[in-house]
Amino acid sequence: MAATERPQRRTMGDRLYDAIFSNRVWRSIFRSGYPNTPRNQMLAVATNVFLHLHPTRIHRTHVKITHTFCLGGLSFFLFLGLTITGVLLMFYYVPSIERAYEDILALETDVRFGQLMRNMHRWMAHGMVLTVLMHMMRVFYTGAYKPPREFNWVVGVVLLVLTLLLSFTGYLLPWDQLALWAITVGTNMVGSAPILGEPNRFILVGGFQVGQAALTRFYALHVIGLPLLAAVFMTVHFWRIRRDGGLARPL
Amino acid sequence: MAATPQAQAQPSSAAVRGRQRRAREEELLVWPDLVFIEFISAVLFTILIVILAVMVDSVLLDRANAAITPNPSKAPWYFLNLQELLLHMHPALAGVVVPTVALIALGAIPYFDTSNEGQGEWLSTPNAWLLTKIGAGVGAVGTMLLIFFDASKHVQIYEWIANGELNANPDSPGFVAWPSWLSGIENMAAIRDNIAWPEWMFNVPLGDVLRTDLLGFPRVELDWNIPAFLVEQFIPVNTMIGLPLLLSFVAHRAGWAKTKRDHMVLQFSGFIAVYITLTIVGTFFRGEGLVLIPYTIFAHE
Ligand code: HEM
């Protein structure tokens, strides 16, 4: 629908919407009317803090699914889903090596929808690593890293690293054999670096072995440190997309 | 409705790069055109994830026990590419140097390829798709060949053909073995172990050479094992740098890759293919003791 189009005729639906959406409460929340005219449609985007991450109009090629395959958006969607399910999981989980494993067991057996929440959290986590990698590939193959988007590509690489670290720190939390040994193998890789490797591994793990100190650190990083950092970088990422003139187009 | 799509926008000067001329008729309103797509995909993916989560439970093994090391012990799947590398070179190289360099190189892509060629459309330079296929093919096949070399598959295939029988018994009469004069290239470790390096090369006292004590620093107490250095560092580093360079060189000479963007497409595709191949091998083809499986196909046993 082009912006130059005239307002549509008012239909039954519009009247009903007006009845619902024109009262004081509604108007106090959403200042613009129901978005059924181009003007209100633009206002709906521009006056909403969440929607205004978008511009009010975008180029027609960019809404084609095959241009982005929604991969950046999906990564963000999964990040939000992970936050929600993650908070719910935190209700039942204590990061102590005595309790962690039992808490996960209890979550799976005693907590209503506990198993479902854990499964969703885990599949979304795997999914996010995949979508972020695929998003990077789509950005590369559409040549969307070229000036003026160089820096946003770098921000993207940081987001990729943060995504991997988020997943890696979460891996330890169930405190089962898979968790312990995957993290042991992973942190040993860090330890193999010349000179700085071993001190770094020690800081990360908080000791010589993956134990309570490691669990505490990974938990803190997983539930607050890394998500906060990721949110900051995502903010920059989205802001830069708009500053750089929207998605890349052929010049 | 929108006017007929205009002819391709004129290439603009560098000064207005990225600030494309806005053709209003080419634009759509975000509400509803984009917001609805986002909403529908969010609903769709929520449903998909719920279905997946209902059908497939996540794993929970036994309680963590530092005394019982599972065999094989594996990192999370997205690090298995590094764990696979670890089997073929010095751990510091595979675990730290390669990923660090790879990430820096990845981040540096836009600073090398600053043209606006191929921007904003899928694989839009003339040879982009061809180069993607070449890069991906060479990356995947090359990686597999290197892994096969390190697992001595060439030795086993040679003996298979020479004996006319798969996994022939090496003790049987008339068994044709891999020629002993080639024993130095049975696999990577054989370069160090089976070649008759002069004895002194295993033990070069660097302290006597560097003499840092003359500068007032502590003396370097380090014995340099040259054959081990070759196998663990020198050859892997040169392979990882040399083969991609060779690929770019060939593509250049063949006339497939002409611009920086072409070489970027080639190298990036190669990198992704190597990454995926290493991940798949590390995930599905490394069994107990991280031996390559299905090992029995070519094994002596
Ligand atoms: C948590 C991870 C990430 C999130 C949530 C994210 C999100 C997004 C979103 C929503 C877009 C809009 C277009 C689209 O959906 O494709 C976008 C564009 C972009 N992303 Fe990401 N991204 C992430 C990681 C990355 C990575 C790893 C890279 C590259 C290394 C990257 C580089 C870019 C660039 C350059 C653009 C602009 C694309 C264009 O102009 O066409 N992002 N990102």
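Under 6 Å by Cβ, and 6 or more places apart or on different chains, what pairs join a residue from the stretch B:226-243 that is within 16 Å of B:Phe149 (Cα to Cα) with one that is modelled with pLDDT under 95 and hydrophobic (A, V, I, L, M, F, W, C)?
B:Val231/B:Met188; B:Val231/B:Ile191; B:Glu232/B:Met89; B:Pro236/B:Met89
Looking at the stretch B:1-23, which of its residues are at pLDDT 50 or above and surrounded by fewer than 11 Cβ atoms within 10 Å (Cβ to Cβ)?
Scanning the stretch B:1-23 gives a single hit, B:Arg21.
Kindly indicate whether any position in the stretch B:56-71 is at the interface with another protein chain (Cβ under 7 Å from one of its Cβ atoms), in a helix (DSSP H, G or I) and surrounded by 15 or more Cβ atoms within 10 Å (Cβ to Cβ).
Taking every residue of the stretch B:56-71 in turn, none turns out to be at the interface with another protein chain (Cβ under 7 Å from one of its Cβ atoms), in a helix (DSSP H, G or I) and surrounded by 15 or more Cβ atoms within 10 Å (Cβ to Cβ).
Return yes when B:Val250 is assigned to a helix (DSSP H, G or I) and either closer than 28 Å to B:Ile157 by Cα or of a type in the set (Ser, Thr, Tyr) (or both) and no when it is not.
Working: assigned to a helix (DSSP H, G or I): yes; either closer than 28 Å to B:Ile157 by Cα or of a type in the set (Ser, Thr, Tyr) (or both): no.
So B:Val250 fails the test.
Give the residues of the stretch B:128-170 that are of a type in the set (S, T, N, Q) and more than 14 Å from chain A (Cβ to nearest Cβ), sorted by residue number.
Our first condition is that a residue be of a type in the set (S, T, N, Q); within the stretch B:128-170, this holds for B:132, B:143, B:152, B:156, B:163, B:167, B:169.
Those that are of a type in the set (S, T, N, Q) and more than 14 Å from chain A (Cβ to nearest Cβ): B:Thr143, B:Ser152, B:Gln156, B:Asn163, B:Asn167, B:Asn169.
Can you tell me which of (1) over 30 Å from B:Leu230 (Cβ atoms); (2) surrounded by 17 or more Cβ atoms within 10 Å (Cβ to Cβ); (3) modelled with pLDDT under 95 is the one B:Phe79 doesn't meet?
With (1) over 30 Å from B:Leu230 (Cβ atoms); (2) surrounded by 17 or more Cβ atoms within 10 Å (Cβ to Cβ); (3) modelled with pLDDT under 95 applied to B:Phe79, the lone miss is (1).
Out of the residues in the stretch A:77-89 that are surrounded by fewer than 19 Cβ atoms within 10 Å (Cβ to Cβ) and within 14 Å of the ligand (Cβ to nearest atom), state the one that is farthest from the chain's Cα centre (by Cα).
Of everything passing the filter in the stretch A:77-89, A:Thr83 is farthest from the chain's Cα centre (by Cα).
Hey, does the stretch A:106-122 have a residue that's touching a Lys or Arg at 6+ places or on another chain (Cβ under 7 Å) and farther than 30 Å from A:Cys70 by Cα? Outline the logic, then answer.
Keep residues of the stretch A:106-122 that are touching a Lys or Arg at 6+ places or on another chain (Cβ under 7 Å), which gives A:107-108.
Then keep just the ones that are farther than 30 Å from A:Cys70 by Cα; that gives A:107-108.
Among the residues of the stretch A:106-122, at least one is touching a Lys or Arg at 6+ places or on another chain (Cβ under 7 Å) and farther than 30 Å from A:Cys70 by Cα, which makes the answer yes.
Enumerate the pairs (first residue in the stretch A:110-129 and closer than 22 Å to A:Leu226 by Cβ and β-branched (Val, Ile, Thr); second residue anywhere and at pLDDT below 95 and within 16 Å of the ligand (Cβ to nearest atom)) with beta-carbon separation below 7 Å, excluding pairs fewer than 6 apart on the same chain, so at least 6 apart or on different chains.
Partner pairs satisfying both residue conditions: A:Val129/B:Tyr78.
Among the residues of the stretch B:163-182, how many are crowded, with 16+ Cβ neighbours inside 10 Å and either over 20 Å from B:Phe148 (Cβ atoms) or in contact with a helix residue (DSSP H, G or I) (Cβ under 6 Å, 6 or more places away or on another chain) (or both)? If you could, list the steps in order and put the result at the bottom.
In the first step, residues of the stretch B:163-182 are kept if they are crowded, with 16+ Cβ neighbours inside 10 Å; the result is B:163, B:168, B:178.
This time we only want the ones that are either over 20 Å from B:Phe148 (Cβ atoms) or in contact with a helix residue (DSSP H, G or I) (Cβ under 6 Å, 6 or more places away or on another chain) (or both), so: B:178.
Residues in the stretch B:163-182 being crowded, with 16+ Cβ neighbours inside 10 Å and either over 20 Å from B:Phe148 (Cβ atoms) or in contact with a helix residue (DSSP H, G or I) (Cβ under 6 Å, 6 or more places away or on another chain) (or both): 1 in total.
What pairs come out if I take residues in the stretch A:27-52 that are closer than 23 Å to A:Phe77 by Cα and pair them with residues that are small (Gly, Ala, Ser) and not in a loop (DSSP other than H, G, I, E, B) whose C-beta lies under 8 Å away, six or more apart or interchain?
Final answer for the pair search is A:Leu51/A:Ala44; A:His52/A:Ala46.
Can A:Gly81 be described as modelled with pLDDT of 95 or more and out of contact with any Leu (no Cβ under 8 Å at 6 or more places or on another chain)?
On the way: modelled with pLDDT of 95 or more: yes; out of contact with any Leu (no Cβ under 8 Å at 6 or more places or on another chain): yes.
Criteria met by A:Gly81.
Go through the stretch B:110-220 and tell me which helices (runs of 4 or more DSSP H), entirely inside it, have 3 or more residues that are within 30 Å of A:Leu251 (Cβ to Cβ). Show your work before the answer.
Values: elements: B:128-150, B:153-163, B:188-193, B:206-210.
The qualifying helices (runs of 4 or more DSSP H) are B:128-150.
Given the structure, is A:Leu71 within 16 Å of the ligand (Cβ to nearest atom) and more than 8 Å from chain B (Cβ to nearest Cβ)?
Values: within 16 Å of the ligand (Cβ to nearest atom): yes; more than 8 Å from chain B (Cβ to nearest Cβ): yes.
Considered against the rule, which asks whether it is within 16 Å of the ligand (Cβ to nearest atom) and more than 8 Å from chain B (Cβ to nearest Cβ), A:Leu71 comes out as yes.
Look at B:Arg286 and say whether it is closer than 21 Å to A:Met136 by Cα, crowded, with 18+ Cβ neighbours inside 10 Å and touching a residue at least 40 places away in the same chain (Cβ under 8 Å).
Working: closer than 21 Å to A:Met136 by Cα: no; crowded, with 18+ Cβ neighbours inside 10 Å: yes; touching a residue at least 40 places away in the same chain (Cβ under 8 Å): yes.
Spelling it out, it is not the case that B:Arg286 is closer than 21 Å to A:Met136 by Cα, crowded, with 18+ Cβ neighbours inside 10 Å and touching a residue at least 40 places away in the same chain (Cβ under 8 Å).
Which of the following residues is within 16 Å of the ligand (Cβ to nearest atom) and of a type outside the set (D, E, K, R): A:Leu226, A:Leu196, A:Leu180, A:Leu172? First the steps, then the outcome.
Details: A:Leu196 fails: within 16 Å of the ligand (Cβ to nearest atom); A:Leu180 fails: within 16 Å of the ligand (Cβ to nearest atom); A:Leu172 fails: within 16 Å of the ligand (Cβ to nearest atom).
Step by step, each of A:Leu226, A:Leu196, A:Leu180, A:Leu172 is checked, and only A:Leu226 is within 16 Å of the ligand (Cβ to nearest atom) and of a type outside the set (D, E, K, R).
Table: residues versus (1) crowded, with 20+ Cβ neighbours inside 10 Å; (2) at pLDDT 90 or above.
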residue: B:Gly95; (1), (2): yes, no
residue: B:Ile104; (1), (2): no, yes
residue: B:Ala108; (1), (2): no, yes
residue: B:Asn127; (1), (2): no, yes
residue: B:Val138; (1), (2): yes, yes
residue: B:Met144; (1), (2): no, yes
residue: B:Phe149; (1), (2): no, yes
residue: B:Lys153; (1), (2): no, no
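Return yes when B:Ile195 is touching a strand residue (DSSP E or B) at 6+ places or on another chain (Cβ under 7 Å) and within 26 Å of B:Leu93 (Cα to Cα) and no when it is not.
Details: touching a strand residue (DSSP E or B) at 6+ places or on another chain (Cβ under 7 Å): no; within 26 Å of B:Leu93 (Cα to Cα): yes.
When the stated conditions are applied, B:Ile195 does not pass them.
In the stretch A:165-251, which helices (runs of 4 or more DSSP H) lie fully inside it and hold 1 or more residues that are more than 11 Å from chain B (Cβ to nearest Cβ)?
Hits in the stretch A:165-251: A:197-205, A:212-220, A:226-243.
Report, by residue number, each residue of the stretch B:24-37 that is buried (at least 19 other Cβ atoms within 10 Å of the Cβ) and in a helix (DSSP H, G or I).
Those that are buried (at least 19 other Cβ atoms within 10 Å of the Cβ) and in a helix (DSSP H, G or I): B:Glu26, B:Val30, B:Trp31, B:Leu34.
Scan the stretch A:126-145 for residues that are in contact with a Leu (Cβ under 9 Å, 6 or more places away or on another chain), more than 7 Å from chain B (Cβ to nearest Cβ) and not charged (D, E, K, R) and jot them down.
Residues satisfying the conditions are A:Gly127, A:Met128, A:Thr131, A:Val132, A:Leu133, A:Met134, A:His135, A:Met136, A:Val139.
The values are calculated or read from the model by the stated rules, or taken from the named source; none is laboratory data. This one's a predicted model, so the numbers in the text were calculated from it and none came from an experiment. All Cβ positions, glycine included, derive from the backbone under ideal geometry; neighbour counts span all protein chains shown.
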